[in-house]
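Let me begin by presenting the structure, written as structure tokens, before commenting on it.
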Amino acid sequence: MVSGVVFCVLLAGGSAVVSRSGVHAQAPGMGTADGITEAGIRAHMEFLAGDALNGRGSNSRDEWIAAAYIAAQFRQWGLEPMGDAGGFVQAAEILREQMAAPAVLSSGAAQFTHGQEMLVSTLTGAHVAGPLVKMAEGATSVPAGSVVLMPVPAATGGAAGAGRGRGTQATAGAAFLISLATDQTAEQWATAAARVISAGSRFATVPPTPNPARAARISVNKATYDALAAMADGTTVSLDAELRATTAHTWNAVGRLTGSDPAAQAEVVVLGAHLDHLGLRETARTDDKIYNGADDDASGTVAVMALAQALAAGPRPNRTLVFALFGSEEGGGAVSGSSYFVELPVVPLDQIVTQLQFEMLARHDPMVPAKSLWLTGYERSDLGSELAKHGAALVPDPRPEQSFFTRSDNIKFARKGVVSHTVSSFNLHTDYHQASDEIDTVDFAHLLASVRSMLEPVRWLANSTFKPAWTPEGRPR
């Protein structure tokens, strides 16, 4: 048994590093871009985005298996475990309260039931009540704790879509919001009524964070809207629901490559992607019920895995690298794997120099030059421009109107102050969030070139003293 000793032996022209965790064979050139191969990327992709994993649904056993697979690769490549009980997997328990029976909206003798006269889309508790306020078109605020009857925009002529586009700032502090329902068919109404409605979710080991801006939201049919509009301002309106407590889990896979320079190893660069997708959906309108998520985001996951393998093969950089594959990004909100990571970080957040997220790299985006990738929020910091100076084919996100900067796991880090962006080449293809996001749609030549193109820029970042900074007004709140 070898304990605490590291040495090299020759293996058929290559080498192997022996450490506490075992023997890790390294082929010649493994630490270079040439060591990142299409065969290696395809092998990981075929497992993660294959039908056997049923689409890696958020909070599912299949998500767990995906995390365990990645963890096994991290161990093989000699990374240090950063998960639970000396392993690479973090298991986060999620506590949820869900509506167990149709909620009831009431005021005096008038009662309206979820699925009949109204639909609950967001629920914040078992009992929410307040004085009715009929919000005027163009109003910029409402009294705290009020029940807001949203106006029907004049442009719609009283038709569907009341309240859309109205920001949370105008209704901040409201108890709940009531809007006129969109013009739905009976089938669409029934489908919406059957959805699982959550009253809130949080991690079991993370104290809940009050969110006074969060309000319950319901939509009502025309007759109910008219009945509420006829009530006097100040009338007490209540929303009551029977809640059932449930638990779920999400899983991250996390490994570390400690920096070689004692003076720099406390500085950390985090490379991440989300490992989950939409899972198996029996309600899909095609014979294919598996949402494989090849581009979203098996492509980003295998990119981080390939970079981890190459960087672990050496030479070891000065700074520490953490490779984090997050669960439940598709579940969204405050209970994603990235949220768990930033709330209970494996390294202090103030030691994280930057975080780079990789998402949807499986196809070229024709809106940017050939062999280029784009970076969300490029203008928000100096990270993208500095990486570009050192060989990264990164350009600004060509679709800022899509708000991709806030739609990927990087936003969880950015809101904690860490300079964080997402690398992508998503071209708004029609397979997004469809069962057709399959392996046979992946452009492996593009994916391989994309991953290889980021290796040396990331290596430079991990060896440099450069610390990215937000531009004025760049940091999100």
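The values are calculated or read from the model by the stated rules, or taken from the named source; none is laboratory data. Worth saying up front: this structure is predicted, and the values here are computed from it rather than measured. So basically every Cβ, Gly included, is an ideal-geometry build from the backbone, and we count neighbours across all protein chains shown. Calculation scope for accessible area: heavy atoms of the full protein, side chains included, ligands and nucleic acids excluded. Shrake-Rupley method; radii C 1.70, N 1.55, O 1.52, S 1.80 Å.
Things to note:
- MRE, 222 nm, helices only [DSSP H, n ≥ 4, -39500 (n - 2.57), over the chain, to nearest 500]: -6000 deg cm²/dmol
- Selected from ALA190, SER179, SER146, residue furthest toward positive end of dipole (the chain; charges at beta carbon): SER146
- Note on GLN402 and ASP440: with the Förster distance fixed at 30 Å, the Cβ-Cβ geometry gives a FRET efficiency of about 0.70.
- Helix 38-48 and the long axis of the chain differ in direction by around 40°, with both axes built from C-alpha atoms.
- Dipole in debye (nearest 20) - the chain, about Cα centre, beta carbon charges: Lys, Arg +1; Asp, Glu -1: 1020 debye
- Axis angle, to the nearest 10 degrees, between helix 444-463 and the longest C-alpha principal axis of the chain: 80 degrees.
- Note on the chain: antiparallel DSSP beta bridges, both residues inside, total approximately 65 percent of the bridges counted.
- Charge tally around VAL104: other residues with Cβ under 12 Å, Lys/Arg +1 each, Asp/Glu -1 each, net -3.
- Net charge of neighbours whose Cβ lies under 15 Å from the Cβ of ARG475, counting Lys and Arg as +1 and Asp and Glu as -1: +2
- Per residue solvent-accessible surface (Å²) - the chain, probe of 1.4 Å: 43 Å²
- Shown for the stretch 269-312: the carbon plus sulfur share of the solvent-accessible area, taken with all protein chains present and a 1.4 angstrom probe, equals 43%.
- Cα gyration tensor shape for the stretch 24-84, rounded if a/c is under 1.5, else prolate or oblate: oblate
- Taking a ≥ b ≥ c as the square roots of the eigenvalues of the alpha carbon gyration tensor, the stretch 233-333 is oblate, as a/c is not under 1.5 and a/b does not beat b/c.
- Label corresponding to Rg and Dmax of the Cα atoms in Å when calculated from the structure given, among (i) 22.7, 67; (ii) 24.9, 86; (iii) 21.3, 69: (ii)
- The stretch 425-477-the stretch 194-210 distance, computed between alpha-carbon centres (Å): 30 Å
- Computed from Cα atoms, the angle from the helix 61-76 axis to the main principal axis of the chain rounds to 20 degrees.
- Charged neighbours of ASP51, selected by a Cβ distance under 14 Å, balance to -4 (K, R count +1; D, E count -1).
- In straight-distance terms, cross-link reach from LYS371 covers every one of the lysines whose alpha-carbon lies under 18 Å from its own, apart from those fewer than eight places away in the same chain; here that gives LYS389.
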